[in-house]
Amino acid sequence: MTNISRDSDIVELNDPPIFAYGEKVRARRTVRNDGTFGGKEIGEILVVKGDEGYVVSIGTFLQQFYIYGVEFLGSGHRVGMKRKELDSIDAGGGHADD
């Protein structure tokens with residue numbers, strides 16, 4: 001059997017989401033299209049580190065992680081981001097631990 005590499009052994013879904021709907025957040029890293037963003041080439045930059053946006057949806061991935069749908073103000077792109085890829089801008093909001 002093959003070992004599956006995961007970002008963490010922690011199952012985020014055991015706790016409530018760190019970020020809330022409507023919360024203003026900032027990207028901690030640049031994100032490129034992995035092929036799931038229609039209308040853009042694979043590898044094309046969707047989000048640049050420091051871009052700001054708002055959480056517009058909260059979903060899950062691999063029954064382990066929350067995925068935050070973030071509408072980025074400058075580009076208008078709506079991109080799914082993990083907790084570790086975001087920092088809260090709103091006072092008292094959540095932020096990544098790593």
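Miscellaneous remarks
- Some residue of the range 19-26 being at pLDDT below 90, out of contact with any helix residue (DSSP H, G or I) (no Cβ under 7 Å at 6 or more places or on another chain) and open to solvent by 70 Å² or more (accessible area, probe 1.4 Å): no
- Whichever residue in the range 74-97 is in contact with a Phe, Trp or Tyr (Cβ under 8 Å, 6 or more places away or on another chain) and among the hydrophobic types (A, V, I, L, M, F, W, C) and, among such residues, is modelled with the highest pLDDT: 86
- Any hit, the range 48-61, residues being charged (D, E, K, R), open to solvent by less than 70 Å² (accessible area, probe 1.4 Å), modelled with pLDDT of 90 or more and in contact with a strand residue (DSSP E or B) (Cβ under 6 Å, 6 or more places away or on another chain): yes
- For beta carbons closer than 7 Å, sequence separation of 6+ or different chains, a first residue in the range 3-18 that is over 12 Å from residue 64 (Cα atoms) and of a type outside the set (Asp, Glu) and a second that is at pLDDT 75 or above and surrounded by 12 or more Cβ atoms within 10 Å (Cβ to Cβ), the qualifying pairs are 18/83.
The values are calculated or read from the model by the stated rules, or taken from the named source; none is laboratory data. Computed from a predicted model, the values in this text were never measured in an experiment. Don't worry about glycine lacking a Cβ; one is built from the backbone with ideal geometry, like all the others, and counts go over all protein chains shown. Just so you know, the surface numbers come from the protein's heavy atoms only, side chains and all, with ligands and any DNA or RNA stripped out. Shrake-Rupley method; radii C 1.70, N 1.55, O 1.52, S 1.80 Å.
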